[in-house]
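The values are calculated or read from the model by the stated rules, or taken from the named source; none is laboratory data. Because the structure is a prediction, the values reported are computed rather than measured. A quick note on method: Cβ atoms are made from the backbone with ideal geometry, for glycine too, and the neighbour counts reach across all protein chains shown.
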């Protein structure tokens with residue numbers, strides 16, 4: 001399936017499948033907490049301590065591709081906590097995909 005034919009749901013489904021079947025065992029527990037950007041078209045993946053670093057590495061190799069981003073060893077990629085007038089609110093974001101990356105300075 002080409003990038004043009006993929007829906008967001010396809011990308012997430014394929015990314016989760018690649019992570020579970022091919023990447024998880026190779027990266028856990030040594031890289032727990034790091035981020036992995038997965039090219040769902042061929043299974044190549046890029047690991048970095050920071051999400052943007054994993055995406056930069058992936059985009060350097062595959063500039064026109066879309067990537068699935070996950071945090072190694074975690075159920076979600078990001079967890080957000082905020083305090084609103086003494087009320088603690090929490091939200092978790094499940095694993096993400098990205099079709100673009102912020103432009104970075106070289």
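If the condition is being assigned to a strand (DSSP E or B) and under 12 Å from residue 67 (Cβ atoms), then the range 16-47 contributes 35, 36, 37, 38, 39, 45, 46. In the set (1) touching a helix residue (DSSP H, G or I) at 6+ places or on another chain (Cβ under 9 Å); (2) modelled with pLDDT of 90 or more, residue 96 fails one condition alone, (2).
Determine whether the range 48-67 contains at least one residue that is assigned to a strand (DSSP E or B) and modelled with pLDDT under 90.
Yes.
Could you identify the single residue in 84, 78, 45, 19 that is surrounded by 14 or more Cβ atoms within 10 Å (Cβ to Cβ) and modelled with pLDDT under 90? Every option except 78 fails the conditions.
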